[in-house]
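Peer 1: I am attaching a structure below and will ask some questions about it afterwards.
The values are calculated or read from the model by the stated rules, or taken from the named source; none is laboratory data. Remember, predicted model here, so these are calculated numbers, not experimental data. Cβ placement follows ideal geometry from the backbone for every residue including glycine, while neighbour counts extend to all protein chains displayed.
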Amino acid sequence: MKERGVWGLAGPAFAVALAIGRPVVADEAKQGAEARASDTERVQGGKALYAQHCSHCHGFGMVNAGNVVPDLREFPDDNKQRFVDTVAHGKNNRMPPWGDLLSPEEIDELWAYIRTKGKS
């Protein structure tokens, strides 16, 4: 009987590992594509909501003079909770509360758009 050695068995074992791993990789790629599509949809939904509810004060495409209302392109990416609280409850008697008009999902869509800095 001929000895195969370590490499003689490694080939078939490697092929089995690849075959087993392929569906997982395909599933992960599919989930990643779905997540990107979902993110794109959320941004587009937020853009439409922004145009309808926010642009009259904050400017179309988030471009404004920045004198009275903040320039949302400068809003920190890591401060979602502050954004949600401000939109839902208003701020300093200048920004009205939108929590009764916008659902939490719509506020999340607005946040997705705000994070693009108006470049979507």
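Peer 1: Looking at this structure, is Asp100 of a type in the set (D, E, K, R), in contact (Cβ under 8 Å) with a residue 12 or more places away in the chain and either closer than 19 Å to Asp39 by Cβ or loosely packed, with under 14 Cβ neighbours inside 10 Å (or both)? If you could, list the steps in order and put the result at the bottom.
Peer 2: Working: of a type in the set (D, E, K, R): yes; in contact (Cβ under 8 Å) with a residue 12 or more places away in the chain: no; either closer than 19 Å to Asp39 by Cβ or loosely packed, with under 14 Cβ neighbours inside 10 Å (or both): yes.
Answer is no for this residue.
Peer 1: Condition (residue is modelled with pLDDT of 85 or more and within 18 Å of Lys119 (Cα to Cα)) applied to the range 84-99: is it met by at least one residue?
Peer 2: Looking for residues that are modelled with pLDDT of 85 or more and within 18 Å of Lys119 (Cα to Cα), one finds none in the range 84-99, hence no.
Peer 1: Which ones in the range 77-97 are touching a residue at least 12 places away in the same chain (Cβ under 8 Å), within 14 Å of Cys54 (Cβ to Cβ) and of a type outside the set (A, V, I, L, M, F, W, C)?
Peer 2: Arg94
Peer 1: Please work out which one of (1) at pLDDT below 95; (2) on the phi < 0 side of the Ramachandran plot is the condition Met62 fails and give its number.
Peer 2: It is condition (2) that Met62 fails.
Peer 1: Considering each residue of the range 74-116, count those that are in a helix (DSSP H, G or I), of a type in the set (A, V, I, L, M, F, W, C) and within 19 Å of Met62 (Cβ to Cβ), and give that number.
Peer 2: First, pick out the residues of the range 74-116 that are in a helix (DSSP H, G or I): 74, 80-89, 104-114.
Right, trim to of a type in the set (A, V, I, L, M, F, W, C) and you get 83-84, 87-88, 107, 110-112, 114.
Checking which are within 19 Å of Met62 (Cβ to Cβ) leaves us with 83-84, 87, 107, 110-112, 114.
Residues in the range 74-116 being in a helix (DSSP H, G or I), of a type in the set (A, V, I, L, M, F, W, C) and within 19 Å of Met62 (Cβ to Cβ): 8 in total.
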